[in-house]
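Written below as structure tokens is the structure these notes are about.
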Amino acid sequence: MAVGWAKDGAVQEQIDASVADAVTEARSQLNLCKNMGDSLSHCEECEALIPEARRYAVPGVRLCINCQAEQERYGQRAGIINRRASKDSQLR
């Protein structure tokens, strides 16, 4: 049921687009990991030592745990923005 300027099925289209964006982002992260090469012994951001267990568990690791967590937190904040907002949601 559409209201205002939204067409029928607009909500489902928005949900589908959000899921497609998340899948694309996840696939791009997988491709990055495959092409990273050897793990670094020290973090490329803060120069902290990356433990051997982490280098073994995550092939191609380039960041320490703290820097990786900060990068993921930033990515999650950017992902909560609704870029496909309809006119209805902007007017409310």
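The values are calculated or read from the model by the stated rules, or taken from the named source; none is laboratory data. Keep in mind the model is a prediction, meaning the values are calculated, not measured. Because the Cβ atoms are built from the backbone with ideal geometry, glycine has one as well, and the counts that use them run over all protein chains shown.
Picking from residues in the range 58-73 that are within 21 Å of ASP38 (Cβ to Cβ) and either in contact with a strand residue (DSSP E or B) (Cβ under 9 Å, 6 or more places away or on another chain) or among the aliphatic types (A, V, I, L, M) (or both), the one that is surrounded by the fewest Cβ atoms within 10 Å (Cβ to Cβ) is ILE65.
Does LEU30 satisfy the criteria of being of a type in the set (A, V, I, L, M), at pLDDT below 75 and more than 27 Å from TRP5 (Cβ to Cβ)? Even if it seems obvious, please write down each step before you answer.
Numbers: of a type in the set (A, V, I, L, M): yes; at pLDDT below 75: yes; more than 27 Å from TRP5 (Cβ to Cβ): yes.
Taking the combined requirement at face value, the residue satisfies it.
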